[in-house]
Amino acid sequence: MLLYVKIIFLRYWREIMAFDGITVAAVVKECRELLTGSRIYKIAQPEADELQLTLRTKTGQYYLLLSASASLPLIYLTGTTKQSPLTAPNFCMLLRKHIQNGRIVDITQPGLERVMHIHIEHLNELGDLCRKKLIIEVMGKHSNIIFCDENDHIIDSIKHISGMVSSVREVLPGKPYFIPKTENKADPAAFMEKALSDEDRKKEFRALVFQKPMPLYKALYTSFTGFSPILAQELCFRSALDSDRSALSYLQEELPVSSDAAVNTQNPAVQQLYEQFVLLMKQILAGDFSPVIVYDGKAPVEFAAVLLNIYGASSTRAFSSVSALLETYYAEKNALTRIRQRSADLRKIVQTVLERTVKKYDLQCQQIKDTEKREKYKLYGELLHTYGYNAEPGAKFLEAENYYTGETVRIPLDPTLTASENAKKYFDRYGKLKRTCETLSELIVEVKEEISHLESISTSLDIAEQESDLVQIKEELIAAGYVRRKGGTKKEKVTSRPFHYISSDGFHMYVGKNNFQNDELTFKFAVGNDWWFHAKGQPGSHVIVRTEGAKLPDATFEEAARLAAYYSKGRGQAKVEIDYAEKKHVKKPNGAKPGFVVYYTNYSLVIDSDISGIKQIV
């Protein structure tokens, strides 16, 4: 349970930290360019901790989403609206009273903090021009949306924080607004704007980062605001430095300098990291952002407002807008989370049956191992029939020559039985163990097939991307007897279809999402000269390449093999062995479980499971 909680916390922490001060800087730049001068047309509060502003400009209408959710705080422009409650909450009504029809005059960010200020100009009840601030703090569980007057006094906030909750800062009407001081962190923007020579700035950078006995990437993001762990690792990668190595250890390689007051800034590590830090900060201060999402196959795993070279270009997708990036990233993450939740019951069923079946298999393997001594008992019986006349009455053993090998064998005897009776006893043991071995051998094959079948269903659940993909998997579990169909319910309509890709050479490639689709693709859809691919020795999808009578180029073979590797239990491995053959050589034995085939004429290749460069037809 503790491990599960830790994993959930790390996932939460990673997503919050990804929305770092540099990402906020990109959002601020985009909003300032598009929304400065816009009118606040509508104010809605779809959730208790979320606002949506409808803004009208000369060029069109925009929707700005502001979320202070403790689990997922966000700021981005979107093209869609969310359903609002019939009765607006008090905070929403207050904002409507003060700033509806107000004009946004500026959008700023203090330093590289995860904070955005929206400066609003409006007319009060007397017709006087007033200024207000709507402040959005994206700080994990401390996230908030705060409404302030022009003197930075809090009018109200979407979350009230009293002194009993926080000893650092109260967020209550009438209290002064301030950003809590970031302990031991420097503002990188202010650091770059200091009137210092390059050498002096480098000395300060060295003192901030390299004198900490912690991993270099951690020393970097704990020294400067705005940096997330992944961006700190990116800087180390660009500097060709080991991000996990202690920052302090790099200083221990320095040669001593002549003066005690002097500081050695010629350290290669200091020089390399400082140069990359300066280049990145110049890019950020100039507003030159390159938003990207990093994918593991189809699953989004990371995002940033700047290029992430640490992952390689093949696994990233670039966006022209940071808002489009954020909306896409969290929509895709939510879709994956939702399908995981929907399939949770099926996963639990499969995992429970699989664990029980594996235990049964292990027990049977142990039992069949115990029957290996049956040949010894057979030999004892044969030797007693041959040499039993040498056994003295009441003897506890007999030594006889094994006429198969010429060795002397010591045969234990029951002293209460004759040699003939002892021989019969050993033959009886042999017969019992032989029958047990024959029965277990058949059972082990059946249980092994059941394990393979369950593992293939588990892989199908991993592959599923939509709720419709789960329908066939559930039907397969019902057909196999693992799930009972509820009384009166009919078989659900199947709308799921195989994945469809097209190779770089123009050949159509199809991937089964489950065992039913695998059988349909291989034995109903494919024709004799089409090519069939599958991960060797592990559960996975059947991949069919339609040839239309043409010869497949090498590139298409490799792309189809990558699909077979990705849609298998070997996903993520650097090397996966793939078997491939013409469809006419693939057969299905009578009575075989769904998805199970045999083939005797095939080729093999070893390849990775990266499918990011293969075009999918939706």
Per-residue ellipticity at 222 nm attributable to helices in the chain (runs of n ≥ 4 DSSP H, -39500 (n - 2.57) apiece, nearest 500 deg cm²/dmol) works out to -12500 deg cm²/dmol
Angle in degrees between helix 198-209 and the longest Cα principal axis of the chain, rounded to the nearest 10 = 50
Label His500 and Ser167 with points 7 Å out from Cα along Cα→Cβ: what is the distance between them in nm?
-> 6.4
In Å, the Kirkwood hydrodynamic radius from C-alpha pairs for the range 454-550 sits at 14.5
Listed residues Tyr330, Ala561, Met281: farthest to the positive end of the dipole of the chain (Cβ charges) | Tyr330
Starting from the amide H of Gln466, placed 1.01 Å from N in the peptide plane, find each other amide H under 5 Å away whose residue is 5 or more places distant or on another chain.
-> none
List every residue whose amide H lies under 5 Å from the amide H of Tyr177, counting only residues 5 or more places away in sequence or on a different chain, with H placed 1.01 Å from N in the peptide plane.
-> His153, Ile154
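Could you please rank Cys236, Cys365, placing first whichever residue has the fewest other Cβ atoms within 10 Å of its Cβ? Spell out each step's value before the answer.
Values: Cys236 25, Cys365 13.
Result, fewest neighbours first: Cys365, Cys236.
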In whole angstrom, how far apart do the alpha carbon centroids of the range 166-182 and the range 524-582 sit?
-> 60
³J(HN,Hα) computed for each position of the range 392-409 - Karplus, 6.51 cos²θ - 1.76 cosθ + 1.60, integer Hz, glycine/proline x | 7, x, x, 5, 9, 7, 9, 9, 9, 7, 6, 6, 7, 10, x, 7, 8, 10
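Would you mind calculating the gained length between Glu399 and Asn309 on full extension (0.36 nm times residue separation, minus the Cα-Cα distance), in nm to one decimal?
On the way: separation 90, 0.36 × 90 = 32.40 nm, distance 7.60 nm.
Result for the pair: 24.8 nm of gain on full extension.
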Set the Förster radius R0 to 51 Å, insert the Cβ-Cβ distance between Gln252 and Thr408 as r into 1/(1 + (r/R0)^6), and round the FRET efficiency to 0.05.
-> 0.15
Given pairs Lys587/Lys615; Lys348/Lys513; Lys82/Lys490; Lys373/Lys424; Lys298/Lys448 and cut-off 27 Å on Cα-Cα distance, the over-length ones are Lys587/Lys615; Lys82/Lys490; Lys298/Lys448
State whether the range 497-616 is rounded, prolate or oblate according to the following rule on the C-alpha gyration tensor (a ≥ b ≥ c being the square roots of its eigenvalues): a/c under 1.5 gives rounded; otherwise a/b larger than b/c gives prolate, and the remaining case gives oblate.
-> rounded
Do you know the relative contact order of the chain, to the nearest whole percent, from alpha carbon pairs under 8 angstrom that are 6+ apart?
-> 8
Classified through the alpha carbon gyration tensor (a ≥ b ≥ c as square roots of its eigenvalues; rounded if a/c is under 1.5, else prolate when a/b is larger than b/c, else oblate), the range 2-157 comes out prolate
Karplus couplings for the range 112-119 from phi (6.51 cos²θ - 1.76 cosθ + 1.60, θ = phi - 60°), rounded to Hz, Gly and Pro as x?
-> 10, 5, 7, 9, 10, 9, 9, 8
Euclidean distance of C-alpha centroids, the range 389-416 and the range 81-108, integer Å = 99
Across bins of 10 angstrom width beginning at 0, how are the C-alpha pair distances of the range 188-339 distributed, in whole percent?
-> 10, 35, 30, 16, 6, 2, 0
Nearest 10, in degrees from 0 to 90: the angle of helix 229-238 to the longest Cα principal axis of the chain is 90
Tell me which aspartates and glutamates have Cα within less than 18 Å of Lys378's Cα, excluding those fewer than 8 residues away on the same chain?
-> Asp370, Glu399, Glu401, Glu407, Asp414, Glu421, Asp428, Glu438
Distant alpha-carbon pairs in the chain (separation over 45 angstrom), percent | 45
In order through the range 168-175: 3J(HN,Hα) via Karplus (6.51 cos²θ - 1.76 cosθ + 1.60), integer Hz, x for Gly, Pro | 8, 7, 8, 10, 9, x, x, 7
Once the in-chain neighbours fewer than 8 apart are removed, the lysines whose Cα is under 17 Å from Lys491 read Lys474
Cα to Cα, under 29 Å, and not fewer than 8 places away if on the same chain: which lysines meet these conditions relative to Lys282?
-> Lys29, Lys133, Lys181, Lys185, Lys194, Lys202, Lys203, Lys212, Lys218
With +1 on each Lys and Arg Cβ and -1 on each Asp and Glu Cβ, and nothing else charged, work out how big the dipole of the range 2-157 is about its Cα centre, in Debye to the nearest 20.
-> 440
With axes computed from alpha carbons, what is the tilt in degrees of helix 322-342 against the longest principal axis of the chain, rounded to the nearest 10 within 0 to 90?
-> 30
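We did not get these values from a lab; they are worked out from the coordinates using the rules stated. Keep in mind the model is a prediction, meaning the values are calculated, not measured. Neighbour counts are summed over all protein chains in view; Cβ atoms, including those assigned to glycine, are modelled from backbone coordinates with ideal geometry.
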